[in-house]
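As structure tokens, the structure follows; a few thoughts come after it.
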There are 2 protein chains.
Amino acid sequence: MSIRHTCLKNDGAARLGRLFTPHGVVETPAFMPVGTVGTVKGIYPFQVEQSGSRILLANTYHLALRPGDERVARLGGLHRFMNWPHAILTDSGGYQVFSLSERRVVTDAGVKFRSHLDGSLIDLTPERAVQIQENLGSDIAMVLDVCPPAGCDHAEMAEAIRRTLLWAKRCQNAATRPDQSLFAIVQGGLDLEARAACAAELVAMDFPGYALGGFSVGESPEAMAQALPACAACLPVEKPRYLMGVGRPQDLIAGMAAGIDMFDCVLPTRNGRNASAYTRTGEVRLRNARHRDDPTPLEEGCPCPCCTGYSRAYLHHLFAAEEMLGPMLLSLHNLWFYQGLMREARQAIEKGAFNAWALEWLVCLEKTP
Amino acid sequence: MSIRHTCLKNDGAARLGRLFTPHGVVETPAFMPVGTVGTVKGIYPFQVEQSGSRILLANTYHLALRPGDERVARLGGLHRFMNWPHAILTDSGGYQVFSLSERRVVTDAGVKFRSHLDGSLIDLTPERAVQIQENLGSDIAMVLDVCPPAGCDHAEMAEAIRRTLLWAKRCQNAATRPDQSLFAIVQGGLDLEARAACAAELVAMDFPGYALGGFSVGESPEAMAQALPACAACLPVEKPRYLMGVGRPQDLIAGMAAGIDMFDCVLPTRNGRNASAYTRTGEVRLRNARHRDDPTPLEEGCPCPCCTGYSRAYLHHLFAAEEMLGPMLLSLHNLWFYQGLMREARQAIEKGAFNAWALEWLVCLEKTP
């Protein structure tokens, strides 16, 4: 089977839905934790599941370089390799090529770049991007796209969109796995006309899902939030919508308000490793000495394994002593925080109370990183 | 309550028993994982428990320096601080002063040394060592001792034993907590007469338990194994016997054969962090490229969470990518390996088959680090 998405309820533009995948059902709006190289950093798969995650994102670029997509295929695919029984979405590697690789040559054929690991020359074509993702065996694959930086000039954006459309078609033609669904990516930056034109072309190609790329690439969060409703409205209502690489809790709320169904971001785990925790009353930096004698949990009432078992004083001590358990516990809390936010959002949409809920959260989150 | 030890069965010198503590029962012979600063590195407390551990060791020296024993006391004691509901043994800090601190002055009064963290001057007396451990609230505390290196001369050893005896008495006089049991430490290196004399003096003081210190400090494993039976035989049969800082699986077997009830060692977690795994067929180094395509578990038939969920290929990948999950999984496997060894040893003693069991293991372990 490939994926199927049903919308259960609308509340303004916000949508409550279900995404059926070959590896289970995902309630939407959904947040996907990032397991770059086949592991959500510092978190066991069973804990990712316990946090409420039913789909995660893995990075094609990283996995193709190491351990290699053919090796993963021989080992039974990415689900088995990383011991994750639920759904997986892989990106196409395009974004990483444009953000991690210093030397690259982009032509209509594809992207030639040097590995950030060993400097070897790699030729990533649309066909190869699909092949890698078929080898990994993800439930959802992404087309190879060109992701220009924020503030690029009109000609560069037009060229990026032209190639993104060309490559989307070639990816579609290259795809062979019936158990994998290929999502298209809309580019166009903050130019709403360019976004609409790009979306129209991709919608005509009839993909099973659509993503908004090229956000959170340097523009202000406000500019993104303003552009999202119009961008989302260009996408077919019956297909899932994915806002790539976004974002902070505030950005997720803006995205859900605009009708986005799927998100991914490294922030909960990256901030957790750096001793920074999300709470409803703002960011908490556990390295701060004011926690040294604090017997209270990180967040009162939070049901996560970190808050139910440990004090702020202990968490502070773990980071002071550079103990692994500090990053482990804080990454876990942050992931629970994100999934709690999503759960509440779904309940609010269900009740037709999304806007009031969103406003309440946005006030709380003012102090959050 | 303080601790109580009952011997259920003897098989040669090997003993099967139960150690009753204020925080639960420990089946002996028991292995205590090391949670130096209040965390068994990279392992959640519930996982330490699942591995079969019912007692762990924490380091007085490290915890007194950071976060500070008075702070731990204010936070409800070490059990609550680190979220560990079972028994805890704390060492006295003596060993760390002699191994970690460069500048130290030992007099009959105690040890003056500089903190390895910030260079501050610290005065560790027998009374202070007891006070720290009472603040931490461990179930079993250790007397402050002098631990001379292997191969020290006769005069140095005699002086170390004299001070160890003097300090043991002062620790005993200083102890006030009825829910904490203070164990004495026998020194004497490989000099069996010195050991016997030291033990006799300590036995006359009637401690609730006795440890052999000054092993695994530079002498050969064979020399230790030869000395152990005579050393253990100097200790009262009705009290628990603890071999400090030991050791490799082979050393644990030698210790159990000599009638030792308790062990502690950092090897399972330290080796796990360094990609080295214990198996019945010898050491496995997961960084080795020969595991790159190996779909089999680290150890066939091992019931641990690492072996039941992941392949050698995945573990190799985690270490190649420097992902936290690699050290987490391997530390966990190694702890399960150690506790599996202890469980089997207890079953063998129960059946009166310890010697045959030990021989079988020692052959297997020839290739183990």
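The values are calculated or read from the model by the stated rules, or taken from the named source; none is laboratory data. Only a predicted model underlies this, so the values are computations on that prediction, with no experimental measurement involved. As a convention, Cβ positions derive from the backbone with ideal geometry for all residues, glycine included, and neighbour counts pool all protein chains shown.
The C-beta contact set for region A:126-140 (first residue over 11 Å from A:Asn59 (Cα atoms), second residue charged (D, E, K, R), distance under 7 angstrom, 6+ apart or interchain) comprises A:Pro126/A:Arg170; A:Glu127/A:Arg170; A:Glu134/A:Arg177; A:Asn135/A:Asp69; A:Asn135/A:Glu70.
Of the residues making up region B:259-300, just one is surrounded by 21 or more Cβ atoms within 10 Å (Cβ to Cβ), within 14 Å of another protein chain (Cβ to nearest Cβ) and β-branched (Val, Ile, Thr), namely B:Thr269. State whether the residues of region B:67-86 include one that is of a type in the set (D, E, K, R), modelled with pLDDT under 95 and crowded, with 17+ Cβ neighbours inside 10 Å. No, that holds for no residue.
Please count how many residues of region B:317-338 are touching a Phe, Trp or Tyr at 6+ places or on another chain (Cβ under 6 Å) and either surrounded by fewer than 24 Cβ atoms within 10 Å (Cβ to Cβ) or under 23 Å from B:Ile55 (Cβ atoms) (or both). Before you say what the answer is, go through the steps one by one.
Taking region B:317-338 first, the residues touching a Phe, Trp or Tyr at 6+ places or on another chain (Cβ under 6 Å) are B:326, B:334, B:337-338.
With the extra rule that they be either surrounded by fewer than 24 Cβ atoms within 10 Å (Cβ to Cβ) or under 23 Å from B:Ile55 (Cβ atoms) (or both), the set shrinks to B:334, B:337-338.
Residues flagged as touching a Phe, Trp or Tyr at 6+ places or on another chain (Cβ under 6 Å) and either surrounded by fewer than 24 Cβ atoms within 10 Å (Cβ to Cβ) or under 23 Å from B:Ile55 (Cβ atoms) (or both) within region B:317-338 amount to 3.
In region A:150-182, which residue that is touching a residue at least 60 places away in the same chain (Cβ under 8 Å) and not in a helix (DSSP H, G or I) is surrounded by the fewest Cβ atoms within 10 Å (Cβ to Cβ)? Before the answer, list the steps.
Keep residues of region A:150-182 that are touching a residue at least 60 places away in the same chain (Cβ under 8 Å), which gives A:150-151, A:171, A:178-181.
When the remaining residues are screened for being not in a helix (DSSP H, G or I), the result is A:150-151, A:178-181.
Working: A:Ala150: 15, A:Gly151: 12, A:Pro178: 9, A:Asp179: 14, A:Gln180: 23, A:Ser181: 24.
The selected residue is A:Pro178.
Within region B:59-66, not a single residue is at positive phi and either assigned by TED's automatic domain parsing to the domain that holds B:Cys234 or in contact with a Pro (Cβ under 6 Å, 6 or more places away or on another chain) (or both).
Scanning region B:80-93 for residues that are facing another protein chain (nearest Cβ under 9 Å) and under 20 Å from the mean Cα position of the chain (by Cα) turns up B:Met82, B:Asn83.
Of the residues making up region A:53-82, those that are assigned to a loop (DSSP other than H, G, I, E, B) and basic (Lys, Arg) are A:Arg54, A:Arg66.
Restricting the first member to region A:78-105 and to residues that are not assigned by TED's automatic domain parsing to the domain that holds A:Tyr242 and among the polar types (S, T, N, Q), and the second to residues that are surrounded by 24 or more Cβ atoms within 10 Å (Cβ to Cβ) and assigned to a loop (DSSP other than H, G, I, E, B), no beta-carbon pair is closer than 8 Å while six or more apart or on different chains.
Which of (1) facing chain A (nearest Cβ under 7 Å); (2) not in a loop (DSSP other than H, G, I, E, B) does B:Glu323 not meet, given it meets every other one? Only one criterion is unmet by B:Glu323, namely (2).
Condition first: surrounded by fewer than 24 Cβ atoms within 10 Å (Cβ to Cβ), touching an Asp or Glu at 6+ places or on another chain (Cβ under 8 Å) and at the interface with another protein chain (Cβ under 9 Å from one of its Cβ atoms). Can you find one or more residues in region A:43-63 that meet it? Taking every residue of region A:43-63 in turn, none turns out to be surrounded by fewer than 24 Cβ atoms within 10 Å (Cβ to Cβ), touching an Asp or Glu at 6+ places or on another chain (Cβ under 8 Å) and at the interface with another protein chain (Cβ under 9 Å from one of its Cβ atoms). In region A:13-42, the residue that is nearest to the chain's Cα centre (by Cα) out of those that are aliphatic (A, V, I, L, M) and away from chain B (no Cβ under 14 Å) is A:Met32.
Across region B:12-25, the number of residues qualifying as surrounded by 21 or more Cβ atoms within 10 Å (Cβ to Cβ) and touching a Gly at 6+ places or on another chain (Cβ under 9 Å) comes to 3. Within region B:301-316, being without any contact (Cβ under 8 Å) to a residue 24 or more places away in the chain and within 13 Å of another protein chain (Cβ to nearest Cβ) holds for B:Thr308, B:Gly309, B:Tyr310, B:Ser311, B:Ala313, B:Tyr314. Counting only helices (runs of 4 or more DSSP H) that fall entirely inside region A:192-266 and contain at least 3 residues that are touching a Ser or Thr at 6+ places or on another chain (Cβ under 9 Å) and in contact (Cβ under 8 Å) with a residue 12 or more places away in the chain, the qualifying elements are A:249-257. The residue list A:Leu100, A:Leu63, A:Leu78 contains one member that is closer than 19 Å to A:Ser2 by Cα and in contact with a strand residue (DSSP E or B) (Cβ under 9 Å, 6 or more places away or on another chain), which is A:Leu78. Annotation: A:Gly77 fulfils all but one of (1) within 14 Å of another protein chain (Cβ to nearest Cβ); (2) on the phi < 0 side of the Ramachandran plot; the unmet one is (2).
Within the bounds of region B:11-21, is there any residue that is β-branched (Val, Ile, Thr), within 19 Å of B:Val246 (Cα to Cα) and either in a strand (DSSP E or B) or free of Cβ contacts under 8 Å to residues at least 60 places away in the same chain (or both)? Break it down stepwise before answering.
First, the residues of region B:11-21 that are β-branched (Val, Ile, Thr): B:21.
Now restrict to residues that are within 19 Å of B:Val246 (Cα to Cα): none.
For region B:11-21, residues β-branched (Val, Ile, Thr), within 19 Å of B:Val246 (Cα to Cα) and either in a strand (DSSP E or B) or free of Cβ contacts under 8 Å to residues at least 60 places away in the same chain (or both): absent.
Report yes if B:Thr39 is under 23 Å from A:Cys307 (Cβ atoms), at pLDDT 95 or above and among the polar types (S, T, N, Q), otherwise no.
So B:Thr39 passes the test.
Within the group B:Arg287, B:Arg280, which residue is touching a residue at least 40 places away in the same chain (Cβ under 8 Å), part of a loop (DSSP other than H, G, I, E, B), outside the structural domain of B:Val40 (by TED's automatic domain parsing) and charged (D, E, K, R)? Steps first, please.
Values: B:Arg287 fails: touching a residue at least 40 places away in the same chain (Cβ under 8 Å).
The unique qualifying residue is B:Arg280.
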